Amino acid sequence: SSQVELVCGMIMATKIPQKPKNFLEKILCDADLDYLGRDDFYDIGDTLFQELKSRQVLDNEKDWNRIQVNFLEKHEFLTPTNIKRRASRKKRYLQELKALVATY
């Protein structure tokens, strides 16, 4: 049915790299990566790093921080709400991480 297709499209739109095709998919993509512009950015980032480390995908925080810089540089919020509420804080986190990576 068209509702199933709509829901499947919304779920698939959150796959990285995100490629939403309509506004509902944009909302879900922004919700999925909302933490990029929230106060808990570093806490969630640390949890992701620990998971990648435990799976032996990464073994050091320097590589993780480089990945975060690359990801934040490429990411853009898609909805007016998240652009307004989250983009400036995300930009600040990117600047902080770039400064940190520059010390390596």
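The values are calculated or read from the model by the stated rules, or taken from the named source; none is laboratory data. What you see is a predicted model, and the numbers here were worked out from it, not measured in a lab. Neighbour counts are summed over all protein chains in view; Cβ atoms, including those assigned to glycine, are modelled from backbone coordinates with ideal geometry. Quick note on the areas: whole protein, heavy atoms, side chains included, nothing else; ligands and nucleic acids left out. Shrake-Rupley method; radii C 1.70, N 1.55, O 1.52, S 1.80 Å.
Miscellaneous remarks
- Per-region count, the stretch 76-97, residues in a helix (DSSP H, G or I) and closer than 18 Å to residue 23 by Cβ: 8
- The stretch 90-104, subset open to solvent by 70 Å² or more (accessible area, probe 1.4 Å) and of a type outside the set (Phe, Trp, Tyr), residue nearest to residue 34 (Cα to Cα): 91
- Condition check for residue 23: exposed (fewer than 14 other Cβ atoms within 10 Å of the Cβ), within 30 Å of residue 3 (Cβ to Cβ) and not polar (S, T, N, Q): yes
- Residue within the stretch 25-37 that is of a type in the set (Phe, Trp, Tyr), closer than 22 Å to residue 102 by Cβ and in contact with a Gly (Cβ under 9 Å, 6 or more places away or on another chain) present: no
- Scope the stretch 39-75; condition open to solvent by 60 Å² or more (accessible area, probe 1.4 Å), part of a loop (DSSP other than H, G, I, E, B) and either modelled with pLDDT under 95 or more than 24 Å from residue 88 (Cα to Cα) (or both); matching residues: 55, 56, 57, 59
- Verdict on residue 8 being loosely packed, with under 14 Cβ neighbours inside 10 Å and part of a helix (DSSP H, G or I): yes
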